[in-house]
Structure formats: C-alpha cells, structure tokens
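None of the figures in this text is laboratory data; all of them are computed from the coordinates on show. Remember, it's a predicted structure, so these values are computed and weren't measured experimentally. Glycine also receives a Cβ, built like all others from the backbone with ideal geometry; neighbour counts cover every protein chain displayed.
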Amino acid sequence: MPSGQAKMSAMREEPEGAIDLYWLPLGAGGHSVRMNGKVFEAIAARLAHRGGCDLYHSALIVHLPEGRFVIEQAPVRKSGEGRGVVAQGPVGSRAAGRFRLFRYEVRRWRGGVIPDVDEAVESPKRISEDADIARRVLALVPDVPTVVWGRDELGAGEMWNSNSLISWVLVRSGIDAERIQMPAHGRAPGWHAGIIVARREEEMRGR
C-alpha cells in the first residue's frame, strides 16, 4: 500500500495545466488533400533543390481544471455551434471568402476532438505544464490574424495556414516555437510565418 509520501509525490506529478501538440499528416483521412499536398511538396522541393518531406498539419490540446480544449484551424462547416469557433478567414483570396467553401474557421473547442487524431505522428508532444501559459494560449486564440489562407499577406516570406495559427499562438503566449521539433523527415509549411508575425507583433508592443 503506497505511503502518504508516495501519494503526495503522485499528486505533484499531475500538472494543473498542460499543452499538447499534435502532428497530423497533411490530408489525413482525405485522399484529394493528401495528393495535392504531395504535388505541392514535390514542386517546392525541386525549386529549393532538396529532397521531399512529409507534410504535417498541427493542432493543440490544452488541459486545464475547467476543461480540455482543442485549438485548430479547419474548413468552415454549415454551423459553428458546438465547435468553439472564435474566428473565420478566407481561403485563396478575399473575394472567394464570400463563399463558405472558401473560408476557414479557428476553433477553441471545449471538449472537442481532433479529426483523424489516430493518424498523428510522434504525438502528443508535451509543450508546457504551466497553467498560466495554457490559459494565455486560450485567451489569444480569438486574436489570431485572419489573413488569407495560402497567401503571404503579412510579408512573412511564407504562406499563412493552420500551422501559422498554432506557432503564432505559442510564441505570443511565451513559448519558443522555433525549438519545437517536427517529426523525422517532416515539414510544416506556414509554421515559420506564425513565428515571424508573432515576434513582429511583440516587438511593436514593446516599443
């Protein structure tokens, strides 16, 4: 039977808050998206004179005493109710964004699920066990730039997408997203765009 000291130790090991990162293969569960991703990466690799990589889409799960929250960017559905949608943006162009088919939604979904999470690679990756940082992440999600998906409207040198959302939120909450390792032979397009934009905003706030 465990001693009182062992019980206290076990209680200390359970963090009050935590942030887990998931790497999902691009197009998991969707054949057309996966194929388009492979074509995109083949062209990008050839232009950069490098070997091809596996492409990944990222999402977060934030754990707090008040609940478990999924943070991700995904295509807009008919109704945002029940998925914790806090923002939307256009896909491809602002003109196309008038139509639901060409819009994305940003979710801060309490009790939510990550589609195809069973296909996640080297996940979950524990990013933080600081409850204050976890709450900061949740508070920042509605403020993410809702620029055109697939474009570089903010001059970051890379297109903005779902990975940009995740890295932006992490950097703005005080986490060095640049030190986070991706799966072996993997690449997450848009990740550095979020880092660059977040750092730029922090510099402007510090002036």
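If only the Cβ of Lys and Arg carry +1 and only the Cβ of Asp and Glu carry -1, the dipole of the stretch 54-136 around its Cα centre is close to 640 debye.
Considering only DSSP beta bridges where both residues belong to the stretch 55-160, give the percentage that are antiparallel (nearest 5). If you can, show how the numbers build up before the last one.
Values: 17 of 18 bridges.
If we restrict to bridges inside the stretch 55-160, about 95 percent are antiparallel.
Pick out, in residue order, every one of the GluC sites (Glu not before Pro) in the stretch 68-128 that is DSSP loop and has at most 12 other C-beta atoms within 10 Å; say none if there are none. Within the stretch 68-128, the qualifying GluC sites (Glu not before Pro) (loop, at most 12 other Cβ atoms within 10 Å) are Glu81.
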